Amino acid sequence: MAKWKSPLFSDIRNKLGENVVFSMWKGRPYMRSYVTPANPDSLKQRANRDQMRKIVAMYQANVKGDESIAAAWDVEALPRLISGYNQFTQYGRKVTLGVLDLSATTISIPVTASGIPADRLAVMIYDLSATTYKLPTSKRGLGTYTEADFTAWVPAAGDIIYIADTKVLDGADIESTAALYKAVNHWKINIATGVADAMVVTS
């Protein structure tokens, strides 16, 4: 990194052709050679991008169009001085899952990491046969979720698995109310295919 003192270049922050980049670091100007940013299009990167696109679409479909719901997410984000949109997408991207078994006979959903605080993190399911969303009766936080954690759920093909923040509350809602706007993710990154797979119970 080269330093210089010159009134001519004292406030330049850009690149010169394809050779030199001018910038500032801790109030001091510097210049360095320009390097073309690497952008390897790996399957893992494709899957991460696919998941991000789907999380954004989920926010737009379930949060953005409703002022009270958007406000509930803004309240969640306020301590971090970010927007509700940024909080939603951060929560969605930070979910890490173990090896899933989503066959109807053996449900196993290990949540190994998440940005959602443990006291409000939960798996939420959409019970297709009952056309209702369900939260666990008491389980919260990281761990492995099974059908035993839910009341009157018999897993069947087509049921959808979500990761939710149970304490994002809209109006008179309470924590035990299962609602789609609380869900931030229902995909698992698949680096073998380069896409984010939906977490749906199979037959």
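Taking the range 135-158 only, how many residues are on the phi > 0 side of the Ramachandran plot and either in contact with a helix residue (DSSP H, G or I) (Cβ under 6 Å, 6 or more places away or on another chain) or exposed (fewer than 14 other Cβ atoms within 10 Å of the Cβ) (or both)?
Within the range 135-158, the first condition is being on the phi > 0 side of the Ramachandran plot, and the residues that meet it are 141, 143, 152, 158.
Within this subset, residues satisfying the condition of being either in contact with a helix residue (DSSP H, G or I) (Cβ under 6 Å, 6 or more places away or on another chain) or exposed (fewer than 14 other Cβ atoms within 10 Å of the Cβ) (or both) are 141, 152.
Result for the range 135-158: 2.
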Given (1) closer than 17 Å to Val111 by Cβ; (2) over 13 Å from the mean Cα position of the chain (by Cα), index of the condition Thr177 fails
(1)
Where the second residue is among the aromatic types (Phe, Trp, Tyr) and surrounded by 16 or more Cβ atoms within 10 Å (Cβ to Cβ) and the first is assigned by TED's automatic domain parsing to the domain that holds Arg93 and lies in the range 47-67, which pairs have Cβ atoms under 7 Å and are six or more apart or on separate chains?
Gln51/Trp187; Lys54/Trp187; Tyr59/Tyr85; Tyr59/Phe88; Asn62/Tyr181; Val63/Trp73; Val63/Phe88; Val63/Tyr181
Which listed residue is basic (Lys, Arg), under 21 Å from Gln51 (Cα atoms) and surrounded by 14 or more Cβ atoms within 10 Å (Cβ to Cβ), from Arg93, Arg120
Arg93
Which of the residues belonging to the range 72-124 are within 13 Å of the chain's Cα centre (by Cα) and part of a helix (DSSP H, G or I)?
Gly84, Tyr85, Asn86, Gln87, Phe88, Thr89, Gln90, Tyr91, Gly92, Arg93
If you go through the range 161-196 one residue at a time, how many are surrounded by fewer than 17 Cβ atoms within 10 Å (Cβ to Cβ) and either part of a strand (DSSP E or B) or not assigned by TED's automatic domain parsing to the domain that holds Ala130 (or both)?
1
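The values are calculated or read from the model by the stated rules, or taken from the named source; none is laboratory data. It should be emphasised that the depicted structure is a prediction, and the values quoted were computed from it without experimental measurement. Quick reminder, even Gly has a Cβ in these numbers, built from the backbone with ideal geometry, and neighbours come from all protein chains shown.
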